[in-house]
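Novice: My questions will all concern the structure given below.
The values are calculated or read from the model by the stated rules, or taken from the named source; none is laboratory data. Quick caveat, the model's predicted, so the values are computed rather than measured. Heads up, the Cβs are rebuilt from the backbone with ideal geometry, glycines too, and the neighbour counts pull from every protein chain shown. Ligands, DNA and RNA are stripped out before the accessible areas are found, and what is left, the full protein with its side chains, is counted by its heavy atoms. Shrake-Rupley method; radii C 1.70, N 1.55, O 1.52, S 1.80 Å.
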Amino acid sequence: MSKVLVIGCGGVASVAIHKCCQVSEVFTELCIASRTKSKCDKLAAQLAPKTATKLTTAQVDADDVQQVTSLIRACKPDLVMNIALPYQDLTIMDACLACGVDYMDTANYEPEDTNDPAWRAVYEKRCKEAGFSAYFDYSWQWAYREKFQAAGLTALLGCGFDPGVTQAYCAHALKHEFDTIDTIDILDCNGGDHGYAFATNFNPEVNLREVSAPGSYWEDGHWVEVPPMSIKREYDFDQVGQKDMYLLHHEEIESLALHIPKVRRIRFFMTFGQSYLDHMRCLENVGMLSTSPVDFEGQQIVPIKFLKALLPDPASLGPRTRGKTNIGCIFTGKKAGQDKTYSIYNVCDHQECYHEVGSQAVSYTTGVPAMCGALMLLTGKWSKPGVYTVEEFDPDPFLAALDQYGLPRSECRTPALVD
């Protein structure tokens with residue numbers, strides 16, 4: 001019997017909450033909290049007749065440590081699932097430490113204001129040391145390791161699909177398929193069509209920042225940074241077909257480079273259609289992706305926040321999105337002295353996700369792993385004090401839970417390789 005506090009009530013959080021309610025023998029009580037309590041109330045009312053999980057709701061500003069701390073003390077949960085914005089990771093981690101509660105999230109910390117002088121100084125120093133210039137990385141949360149260890153608490157970082165499941169795939173490959181892994185290519189393909197000229201499948205601010213940032217990959221013990229979207233490959237994805245994909249920086253590369261011994265190269269690719277790229281480049285060229293406030297008729301407006309208000313809410317895309325996603329990893333390495341290739345991936349259908357939980361597959365493929373990660377923590381399968389990423393735990397029970405709760409794996413021992 002466990003009580004969980006979920007902070008967030010957007011598309012991904014809604015999926016995670018739906019899935020928690022399907023495992024009511026573990027998630028016996030669930031408090032759903034968000035800045036807008038009416039969203040939580042609506043979701044709780046929708047789910048209450050279908051589950052034995054006791055549902056309550058609360059209002060909280062997750063940017064305010066004191067508000068989060070007060071809510072945790074009132075709720076008394078066994079675990080806090082942070083499925084809000086990555087801007088709020090550190091605030092919620094601070095509150096969990098103050099209250100002595102385990103923590104998990106689906107994406108690593110990045111600042112809301114990238115022009116803040118104090119953050120900027122640390123960021124520029126880290127860029128020189130790390131060798132890449134992305135606004136998001138694990139260093140801010142890894143700095144909490146000793147605090148969580150001393151408190152006897154577990155913090156699980158980035159338990160979505162990528163990051164998250166892709167790291168479990170790497171741990172699985174190392175445990176069961178290889179003696180040593182030479183290369184890892186992480187491929188994220190969304191073959192869905194929502195019918196809009198331009199929309200993002202998750203939070204527009206986070207999505208557009210990620211895509212417009214310089215790309216980077218790990219090779220021979222160091223980072224190689226390249227201009228945004230400058231490395232393109234084509235790949236024939238199972239059940240989706242031939243797609244263009246582009247190399248991006250992605251946070252799981254940073255942790256995998258530490259935890260996969262002797263790995264020579266790790267890359268991350270994501271598919272994009274030409275229409276998306278044309279719109280994004282146009283918006284970037286006219287300054288609409290900027291995080292710096294501009295004065296407009298006497299008011300300070302952040303362009304990317306204004307753009308977010310104009311774009312379709314990702315949570316609204318479910319009913320109109322058709323097609324499938326295919327996300328996974330391709331490995332090369334050695335087993336018993338012989339060269340080997342292997343891939344492991346999941347294919348997810350947008351409409352099947354919508355009919356089950358009212359969401360498109362991009363939210364589904366993040367929300368289901370969040371529930372499964374919480375399941376690992378609450379049942380004691382993953383439990384050790386400190387701050388960890390997914391590949392640092394035993395992948396077997398986690399992948400078994402994914403198979404059971406909606407994201408079954410597929411495997412291929414002679415996959416096509418990315419050149």
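Novice: With point charges of +1 on the Cβ of Lys and Arg and -1 on the Cβ of Asp and Glu, referenced to the Cα centre of the chain, which listed residue (V226, N326, V418) lies farthest in the positive direction of the dipole?
Specialist: N326
Novice: Enter the accessible area per residue of segment 252-323 (Å², integer; probe 1.4 Å; all protein chains in place).
Specialist: 52
Novice: Taking all protein chains together and a probe of 1.4 Å, list D64, D185, D278 from the most accessible to the least accessible.
Specialist: Listed by decreasing accessible area, they come as D278, D64, D185.
Novice: Let me ask something else about it. Counting DSSP beta bridges with both partners in the chain, what percentage is antiparallel, nearest 5?
Specialist: Around 60 percent antiparallel, to the nearest 5.
Novice: Right, another one. Give me log10 I(q)/I(0) at q = 0.26 Å⁻¹ for segment 254-333, Debye formula, one equal scatterer per alpha-carbon, no solvent.
Specialist: -1.26
Novice: Positive end of the charge dipole of the chain (Lys, Arg +1 and Asp, Glu -1 on Cβ, about the Cα centre): tell me which of H18, W140, C127 has its Cα farthest that way.
Specialist: Of H18, W140, C127, it is H18.
Novice: Right, another one. Among K147/K308; K324/K384; K232/K340; K147/K324, which pairs are too far apart, with a Cα-Cα distance over 32 Å?
Specialist: The answer is K147/K308; K324/K384; K147/K324.
Novice: With viscosity set to 1.306 mPa s and temperature to 10 °C, compute the Stokes-Einstein D of the chain, Rh being the Kirkwood radius across alpha carbon pairs; µm²/s, no decimals.
Specialist: Once the numbers are plugged in, D ends up at 73 µm²/s.
Novice: Then there's this: As a check on your grasp of the helix formula, calculate [θ] at 222 nm for the chain: sum -39500 (n - 2.57) over DSSP H runs of n ≥ 4, divide by the residue count, round to the nearest 500.
Specialist: -10500 deg cm²/dmol
Novice: Students often check this: by mean Cβ neighbours within 10 Å, which of 305-313, 258-266, 211-219 ranks highest, and how do the rest follow?
Specialist: Ranking, from highest mean packing down: 211-219, 258-266, 305-313.
Novice: What whole-number value in Å² describes the accessible area per residue of segment 6-67 for a 1.4 Å probe?
Specialist: 42
Novice: Sorting S290, S343 by accessible area (1.4 Å probe), largest first, what list results?
Specialist: Solvent-accessible surface, decreasing: S290, S343.
Novice: Stokes-Einstein at 20 °C, 1.002 mPa s, Kirkwood radius from Cα pairs: D for segment 55-162 in µm² s⁻¹?
Specialist: 146
Novice: Given the convex hull over the Cα atoms of segment 312-355, what projected area results after averaging over all orientations, in nm²?
Specialist: Directional mean of the projected Cα hull area for segment 312-355 stands at 4.4 nm².
Novice: For segment 126-199, which GluC sites (Glu not before Pro) are in a loop by DSSP, counting at most 10 other Cβ atoms within 10 Å?
Specialist: none
Novice: Counting only Cα, what are the radius of gyration and maximum Cα-Cα distance Dmax of segment 288-408, in Å?
Specialist: 20.3, 69
Novice: A further question follows. Tally Lys/Arg at +1 and Asp/Glu at -1 over every other residue whose Cβ is under 15 Å from the Cβ of A401; what's the total?
Specialist: For residues surrounding A401, the net value is -1.
Novice: Still on this structure, please answer the following. Would you mind putting 92-101, 118-127, 347-356 in packing order, based on average other-beta-carbon counts within 10 Å, highest first?
Specialist: Answer by packing, highest mean first, reads 92-101, 347-356, 118-127.
Novice: What does the charge dipole of segment 143-183 about its Cα centre add up to, to the nearest 20 debye, if the Cβ of each Lys and Arg holds +1 and the Cβ of each Asp and Glu holds -1?
Specialist: 300
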